[in-house]
Every structure is written in C-alpha cells, then in structure tokens.
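Working notes, structure below.
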Amino acid sequence: MEFKENFLWGVATAANQCEGGYLEGGKGLTIQDYIKGGGIGKPRMFRSTMEEGAFYPSHDAVDHYHHYEEDIRLLAEMGCKCYRMSISWARIFPTGCEEEPNQEGLSFYKNIFTLCKSHGIEPVVTLSHFEMPWYLVKEKGGFANREVIDDFVRYACCVMNYFKEEVHYWLLFNEINFGVMPMGAYKSLGLLDGKYLGGEAFISLKSMTVDEKVRFQALHHQFVAGAKTVIEARKISPEIKVGCMIGHITQYPLTCRPEDMLECQHKDRLLNKFAGDVAVFGSYPSYMNRYFKEHQITLQKEPEDDAILKAGCVDFYTFSYYMTNCATIDDAAEQTDGNLLEGARNPYLTASEWGWQIDPKGLRYTLNELWDRYHLPMMVVENGFGAPDEVDADGSIHDDYRISYLNDHIAAMGEAIEDGVDLFGYTIWSAMDIVSAGTGEMKKRYGLIYVDRHDDGSGDFKRIPKDSYYWYAKCIQENGKNITA
C-alpha cells in the first residue's frame, strides 16, 4: 500500500464543537450558541432566547480557545502533516456584517496558524462550519437574503488576505449539500421560520421546518457566495487553493428491483452529486430541472449568477465519509440512523451504538465514483468513529474499536489510490473529543485525544492521548505502511 511521500495525514475539528470561549475575545453569538445538548432518543432543542442556567455545549465546548497551544503540541508530537479546522465567522465579524474585522479574533487564529507552521503542520481551513452569526440569522434571514452573499464574501476575503502566508488550503462551506435537507436549513443556511423566533418553548431541531422553496433559494445564494469567494481567492494569491466540502452519504439500492435502483440514483443525485456538480462544473445539472418542476421551485437569479458559478469552480474536492445506508421504495424496510440522514438497514453491515453502519469498502467505492465523475484532486476531511470511551485506573484509554475502524478505512483509501484516484490528504474526525454536531453529546467521543468533559458540564478539560493516538502516530511516521488490509 503506497501513499504519496507528501500525503497530508492529519486530524480535524470545527470551531463551534471545540473552541468554547463563546463570549470572549470580541466574538459574537452564532446559531449554535442557542442549541442545547441531546442524546440517543433525546433531540437537541432550540429557543431564540437562552435559558438562564441551562447547559449549552458550544459555550465552553472543550475549551480549545484556552488550550490551543497544548492541542497543537499534541498534534505535532503525533506527527500530523495538516490540521483541518474552521474559523468562527462571528469571531471575526461579530454580527457578520461589520465593515471592519475584530482584531482579537484575527490574532487568535494568527497564533494558531503560526504555531501550526512552526511545527510543519499545514492548516486546512473551513470558512463556514455550521455556525452563522446569530444577527444574520435573526435580522437578515440567513442565506435566504441575497445580501448575505456579500457579507460572506467580505468575511472570506478578509481572512484569506490576512492569513495568505500561513493558509493555502481553504474550504468553503462544510457539508454544503445538507442544505437540500430540512436539517440543513438552520445548520448550514441560517434559516429559521419566523414562528420559531421569540417563543418561550424549546423546539426539537428535528421538528423545525422551513419551506423547501426558501431552502433551495438560500442554497443558490450559498453557491454564488462560494463561487465569488473562489474568484476573489485567485486575486489574493496564486498559492491559495479552494475546495468544496460535501457530506457524502453513499447509498446502495436495498434490492436489485429496478424501482430501488432508481430511488437510489435519485437520492444520490439530490443529496451528494447536486452540490458537488455545481461546485466543480459551475452550473446546475440537468437532472435537477425535473425536481424543481415537480416541487414548484423557481429560483430567483440575477443575470450574472450563471457566469459567476462558471468562473468560480473549485480547485479540489473534499468530503466527509462515515457510513453508508440503503435506498428503497419499501416503506416497511427496517431503518437505521446515520449522519443527519437515516436509511434502510444493510443486512451485510454492522452498526455503531448510534446506528451508523460501518462500511470501509464503501469508502473505496465512493472515492472511485467521485474520481470518475470529477477528476479533481481529492481529500477525505472527515472520517472517524464515535463511541463512549473509558479511562482506566492508570489513565490509559484502550479504543481498539476506533483503531479497527480507522485501519480498515485507511486500507480502503490505499486501494482507491491503487485504482487510480488522486487522493492527497486525510483528516480523522476528530483531533480531540469534541461536542457531537448531531446529538450535542460528549459521550459520543470521536477524538484521538480524550478530553475530560462530560454531558452534565463537569470535567477539567484535561487532555489524555488514547491508544488510537499512538497508533495513528505510527501510521503517519510509516506513511501508511503499518496499515493491514
């Protein structure tokens, strides 16, 4: 199994899931700051005013804001070649639409990037990772408002200019394709129906809805904002490369029944390929015409939008991959959970405690499908295993289940490279334990580094490397030669 000599082995985090310091350093509030924690059978809850004394996981998260020096040191000792992280938009522009940036926020990230570079760690930075500034959500209506395009591009240009010496790899919107689903309305697009603003009752995130027509219009504005950012990035520095980020939910037909095949193709196009096609090819795919017609969706476009999309195609393609599920027209088929999308259970796969089906061979399949379609350099920027971890009396954490998951998925990447895929990097989700985006839990731990933080808000944030940390250090040192197929 051969990986490139300069292969970017790394780890990943997101600001709203790790930073904390939600009112420090001039940071403004984000939509995530209003969401409480949940768990299996306990949905995350939202209210547009905060409940005094309630526990909001993102407020402190795992306190990376005050522990970043220790965290980067641990990444360096592991041998990381890159660190995929995000900038909190509200830490740079507290409301999202100021004319001048918050210097404390710029300095915070400057310190992180400088520290990374001093250790030979390449930052891979996501501009927007599910945390739109609250003012833009509440007062402007998120990306449903075309004005937010300019707000985003101003922010993106600010940070790309300020960090152009330290950061050469930028990602636009995390898992932008989730905007096609109801859950993506608040998470990705910053959309909240007016009936959810000002109420006294908490509302389950799963029950919050936004009209589909509004959602696709907002997604169009997000596409234009991303393309404009790519165009501006090329003016800022020829060293900058900009990629898309897709939350890839690979699907198989549950049976070989033709109807299941067509259902699988439809879901794959809508959920996975649509956003990727716009980002890579710079135009709307023809298969969406029928969907828009059947759902009475007419996008409002400015005359220059199509040309902007065509001129702002991305330089590389990145995606998250955790699991697969099956598609079927059989409403009685047994269901299983997943990364924001449930599906029919695959009888040939096992699943995690949270119902995510484990399928390393699906990663090889996915990489080949994406390479055949796009022929762009690719990077897997999220892949990992969420599970409860136990700290032994001697302080050790034996997470063989995570090592097994990672080994098998890295082996699948090696096979895809042998198949001809141009894969240049891989970042494990996640560097340290962080707040789960889906459930808001700390119990669902993904990190290679344990953080003493718990779902009741207790813990002293102590960092403890797990067995998987040392295993991955060896993988990086040997450039994947210790991986067993």
Task: Descending semi-axes in Å of segment 395-441, equivalent ellipsoid built from Cα gyration tensor - done: 26, 15, 9
Task: 11 Å cut-off, amide nitrogen to a point 7 angstrom out along residue 197 Cα→Cβ, residues in segment 115-157 - done: 135-142
Task: Residue-averaged 222 nm ellipticity for the chain, from DSSP H runs of 4+ at -39500 (n - 2.57), nearest 500 - done: -11000 deg cm²/dmol
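Return a single number: how many Lys pairs in segment 403-485, at a sequence separation of 8 or more or on separate chains, have alpha-carbon atoms below 24 angstrom apart. Walk me through the intermediate numbers first.
On the way: 443/462; 443/466; 444/462; 444/466; 462/474; 466/474; 466/481.
For segment 403-485, qualifying lysine pairs total 7.
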Open item on the list: Charges on Cβ only, +1 for Lys and Arg, -1 for Asp and Glu, centred on the Cα centroid of segment 193-284; of 219, 255, 230, which one is farthest towards the dipole's positive end?
Closed with: 230
Task: 19 Å tail of the calculated P(r), segment 1-105, as % of Cα pairs - done: 55
Task: With 5 Å bins from 0: P(r) over segment 106-261, alpha-carbon pairs, percent - done: 2, 8, 16, 18, 16, 13, 11, 8, 5, 3, 1, 0
- [ ] Using DSSP, restrict attention to beta bridges with both residues in the chain and report what percent are antiparallel, rounded to the nearest 5.
- [x] 25
Task: Phi-based couplings in Hz for segment 151-159 (Karplus 6.51, -1.76, 1.60; Gly and Pro marked x) - done: 4, 5, 5, 4, 4, 4, 5, 4, 6
- [ ] Treating only the Cβ atoms of Lys and Arg (+1) and Asp and Glu (-1) as charged, compute the dipole magnitude of segment 257-319 about its Cα centre; round to the nearest 20 debye.
- [x] 140
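Which semi-axis lengths, in whole Å and largest first, follow from the square roots of five times the eigenvalues of the Cα gyration tensor of segment 319-408? List each step's numbers first, then the result.
Values: eigenvalues 141, 86, 19 Å².
For segment 319-408, the ellipsoid semi-axes come out as 27, 21, 10 Å.
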Task: Per-bin percent of Cα-Cα distances, segment 312-464 [5 Å] - done: 2, 8, 16, 18, 17, 16, 12, 7, 3, 1, 0
TODO: Once you have all Cα-Cα distances for the chain, histogram them in 20 Å bins from zero and send the whole-percent values.
DONE: 24, 62, 13, 0
Open item on the list: Can you list residues from other chains, or at least 5 along the same chain, whose modelled amide H is less than 5 Å from the amide H of residue 324?
Closed with: 357, 359
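In what sequence, highest mean first, do 317-323, 110-116 appear when ranked by Cβ atoms within 10 angstrom?
Values: 317-323: 24.6, 110-116: 18.4.
Per-residue mean Cβ counts within 10 Å order the peptides as 317-323, 110-116.
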Task: Share of carbon and sulfur in the accessible heavy-atom surface of segment 66-215 [1.4 Å probe, %] - done: 50
- [ ] Find which of 309, 368, 25 sits farthest along the positive direction of the dipole of the chain, computed with +1 on the beta-carbon of Lys and Arg, -1 on that of Asp and Glu, about the Cα centre.
- [x] 309
Open item on the list: Quick one: the Cα spread of segment 1-63 along its three principal axes, in angstroms, biggest first?
Closed with: 53, 36, 17
Open item on the list: Just the number please: accessible area per residue for segment 1-48, 1.4 Å probe, all protein chains included, in Å².
Closed with: 34
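Determine the dipole magnitude for segment 320-476: charges of +1 sit on the beta-carbon of Lys and Arg, -1 on that of Asp and Glu, nothing else is charged, the reference point is the Cα centre, and the result goes in debye to the nearest 20. Kindly include the intermediate steps, with their values, before the conclusion.
Details: 13 positive and 28 negative charges, 83 e Å.
It comes to approximately 400 debye.
The values are calculated or read from the model by the stated rules, or taken from the named source; none is laboratory data. Here the structure is a predicted model, which means the values were calculated and not measured. So basically every Cβ, Gly included, is an ideal-geometry build from the backbone, and we count neighbours across all protein chains shown. Heavy atoms of the whole protein, side chains included, go into the accessibility calculation; ligands, DNA and RNA do not. Shrake-Rupley method; radii C 1.70, N 1.55, O 1.52, S 1.80 Å.
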